[in-house]
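See structure below.
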Amino acid sequence: MGLTMARELTREKERIDLNPREAVGPPRIIPTHREGRVAPPRVLRSLHRRALMFVCAAKGVATHLPPVGAIVQRRSRGSDDARYCYSVWLRHLVVAHRSGFCRKSLPSTIAELGPGDSFGVGLAALLCGAERYHAFDCVASASAERNLAIFDRLVELFEARANIPGPDEFPLIKPLLENYAFPHDLLTPERLAQSLAPARVARLRRALETLDESVFTYCAPWPGGGAASSGLAGAVDMIVSQAVMLYADDLVGLYAEQAAWLKPGGFMSHQLEFTALNFAAEWNGHWTYSDALWRLVTGNRSYVPNRAPHSAHVEAIEAAGLHLVTDWKVMRPSAVKRAHLAPRFSALSRADLTTSATCIQAVKPP
């Protein structure tokens, strides 16, 4: 399980072209190319690829040294910023509403995988009306002081009905939206008058100070399964994660466990990333590495991408008995040739090879 990797994703800009007639359909993502830019000769590209591979391998080896490893694990993944958390939560909520969820009421019980440096996404959900928040992470890195500071800032953002911070402020956050205005049709004045009532906000803040178990559950480190999650069977309305499922060692098992948490009619919303996360020169270059080279490159990091492609997630979700509702994919031209793929990935479909990210939402049938 990992934390949000938004600041480590590739920085190639993209633009979105949505078909307004599609109610839930996936957007078509078109890379933006600089006019007049000439591609470097093949020899230079090959040298660059090999040089970056050597650098990544050296960094991976260095993570075995305690000082370096400590620095790598200390870096923030984005959830220490209230505006980041506000943007992530509202994007998931807007896509869910577009997908047909949250029409009559908002989710009451939320579970988040990999909250990272704060409960920010869960706190935003609580301020929208949720009553329970369960957080599961592989490392306990959320502090009470940071949570309280982010909570206070989130209250200000919701009271101001601030627009959703978009690509100009957070160019790497997905899912991308066609409109970043505050969702007044979803978070109506009547709904927010109740969820932001001073007495309720004060009650939530007191519960956060003491991690009142009637509101908050924080399980970290959490290896998956066990008593901490067994009590959630059939109790969760919505499960959310942001660039976390790419670190799961057992996709089939973890999706099955989430399916068990959900109430009938409950849903999951996962932003999934399939890029190399700067471990390779190409955005999908991690699929060219052998398993041995991948272990060398990733080193002693706590969070190692599983390199599972898009189709592996879809298969695991469907195997868990969930119905796929939204698959909001980001498509990019493959940066590697099929001949360069490692044997383990040689059979990747063209769709997998060109899908760099998606927002997947799936529902548990009644």
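Database remark: amide H of V325 closer than 5 angstrom to the amide H of Q361, A362, V363 (H placed geometrically; neighbours at sequence offset of 5 or more, or on other chains; Pro and chain starts carry no H).
Between A202 and S346, the distance separating the two model label sites (each 7 Å from Cα on the Cα→Cβ line) works out to 6.9 nm. Put a dot 7 Å past the Cα of A220, heading toward its Cβ, do the same for F182, and the two dots end up 2.9 nm apart. A simple spin-label model places the labels of A339 and D291 2.7 nm from each other, with each point 7 Å out along Cα-to-Cβ. Listed values for the stretch 343-351 are Karplus-derived 3J(HN,Hα) couplings in whole Hz (6.51 cos²θ - 1.76 cosθ + 1.60, θ = phi - 60°), namely x, 4, 10, 5, 9, 4, 6, 4, 4, and x replaces Gly and Pro. Each of L157, L186 has some number of other Cβ atoms within 10 Å of its Cβ, and from fewest to most they run L186, L157. The separation of the stretch 80-125 from the stretch 222-258, counted between C-alpha centres, amounts to 16 Å. Scanning residues 5 or more positions from I239 or on other chains, those with amide H under 5 Å from its amide H are A111, F267, M268, S269, with H placed 1.01 Å from N in the peptide plane. Near the amide H of N306, within less than 5 Å, lie the amide hydrogens of Y247, A248, all on another chain or at least 5 residues away, with H placed in the peptide plane. Applying the Karplus relation 6.51 cos²θ - 1.76 cosθ + 1.60 with θ = phi - 60° to the stretch 171-188 yields 3J(HN,Hα) values of x, 9, 6, 10, x, 7, 10, 8, 8, 9, 5, 4, x, 4, 6, 9, 9, 6 Hz, where x marks Gly and Pro.
Taking the three principal axes of the alpha carbon atoms in the stretch 106-182, the coordinate ranges are 33, 25, 24 Å, sorted in descending order. Placing a label point 7 Å from the Cα of S143 along the Cα-to-Cβ line, the residues of the stretch 119-135 whose backbone N sits under 20 Å from it are 119-123. Using every pair of distinct Cα positions in the stretch 152-259, the Kirkwood expression returns a hydrodynamic radius of 17.3 angstrom.
Kindly flag which residue pairs out of K104/K364; K104/K263; K263/K364; K329/K364 have an alpha-carbon separation exceeding 19 Å in this structure. Working shown, then result.
Numbers: K104/K364 17 Å; K104/K263 16 Å; K263/K364 7 Å; K329/K364 21 Å.
K329/K364, as the Cα separations exceed 19 Å there.
The string of couplings for the stretch 144-161 from the Karplus curve (6.51, -1.76, 1.60, θ = phi - 60°) is 4, 4, 5, 4, 5, 5, 5, 4, 4, 5, 5, 4, 4, 5, 6, 5, 7, 6 Hz, one whole number per residue in order, with x for Gly and Pro.
Computed over neighbours whose Cβ is under 11 Å from that of L324, the net charge equals -3, Lys and Arg +1, Asp and Glu -1.
Coordinate-derived values only; no laboratory data. Model, not experiment: these values are computed from the prediction. For neighbour counting, all protein chains shown are included, and Cβ atoms are generated from backbone atoms with ideal geometry for every residue, glycine included.
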